[in-house]
Structures are given as C-alpha cells and as structure tokens.
Amino acid sequence: QVQLVESGGGLVQAGDSQRLSCAASGRTYSNYVMAWFRQAPGKEREFVAASWSGGTTNYADSVKVRFTISRDNAKNTVYLQMNSLKPEDTAVYYCAVRSGRMIYRSTDQYDYWGQGTQVTVSS
C-alpha cells in the first residue's frame, strides 16, 4: 500500500502562484510515476502533469507553460508549482502514483490516490 498526502491548496486570485505538495509513504518502487490530476465540479477528472522517477515529465496542454512538476525522490515527494493561475484552474487536485516508467494520462492507469486538495482561483 502507498499513502499519498497532498497539501498546499487554498484560495488565490487570478494571476497568483501556488505550490502543491504530495508526500508518499508506505510501499516504494524503484521506478514509479507520480502525477497530478484535477477535477472541477461537474467535470471528469483530468490529467495535469506527471513525473517519472528517472526524470521524464509530461504536461497537459492547458497548463504546459504555467505549471511545473518537480520531485524529491529522497523524500518521495512531488510538487506542482502553478503560476499565472486562472479561474478555470479551480478544482480539487489529486496526487496519484503508479509503478513503472510509462506516463499515462488516464486515471485507470494509476494505483494509488491521495484525498485531494482544493484550489480555488478567484477572478
């Protein structure tokens, strides 16, 4: 089992920056992908960004220029730096993890999920 705990959400204004963190504990893998997804009210959960433990990253087009995913493998922690936030970024942000090297954008490819953290961007 892997436990994921997100932190860093809250209320910000459009144009502000915010950083989310996700700490993993429990079972560890030698190769694993940590990802961020988000879900806005009434919408499907969507891929935001992901990072493989060997260094590869991948971003959704909607956030590619504004968000940066990074990780501290020694701490089993992944971060999501969000800049130039927009009201449409408002959602619950979830951290997820899967073993292996491949980065997938589908929720069903991920084995463990955090409880989510709310990010609200006011206009």
Selection from region 78-111 of residues that are open to solvent by less than 30 Å² (accessible area, probe 1.4 Å) and farther than 24 Å from V65 by Cβ
V97, G100, Y110
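Residues are listed down the side, and each one gets a yes or a no for (1) under 18 Å from S122 (Cα atoms); (2) charged (D, E, K, R):
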{"site": "E6", "(1), (2)": "no, yes"}
{"site": "D16", "(1), (2)": "yes, yes"}
{"site": "C22", "(1), (2)": "no, no"}
{"site": "R27", "(1), (2)": "no, yes"}
{"site": "W36", "(1), (2)": "no, no"}
Yes or no: G42 out of contact with any strand residue (DSSP E or B) (no Cβ under 6 Å at 6 or more places or on another chain) and free of Cβ contacts under 8 Å to residues at least 12 places away in the same chain?
yes
Which residues, taken from region 37-95, are among the hydroxyl-bearing types (S, T, Y), closer than 24 Å to V2 by Cα and in contact with an Asp or Glu (Cβ under 9 Å, 6 or more places away or on another chain)?
Y79, Y93, Y94
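The values are calculated or read from the model by the stated rules, or taken from the named source; none is laboratory data. Since the structure is predicted, the reported quantities are computational estimates derived from the model, not experimental observations. For neighbour counting, all protein chains shown are included, and Cβ atoms are generated from backbone atoms with ideal geometry for every residue, glycine included. Areas reflect the complete protein model, heavy atoms only, side chains present, ligands, DNA and RNA absent. Shrake-Rupley method; radii C 1.70, N 1.55, O 1.52, S 1.80 Å.
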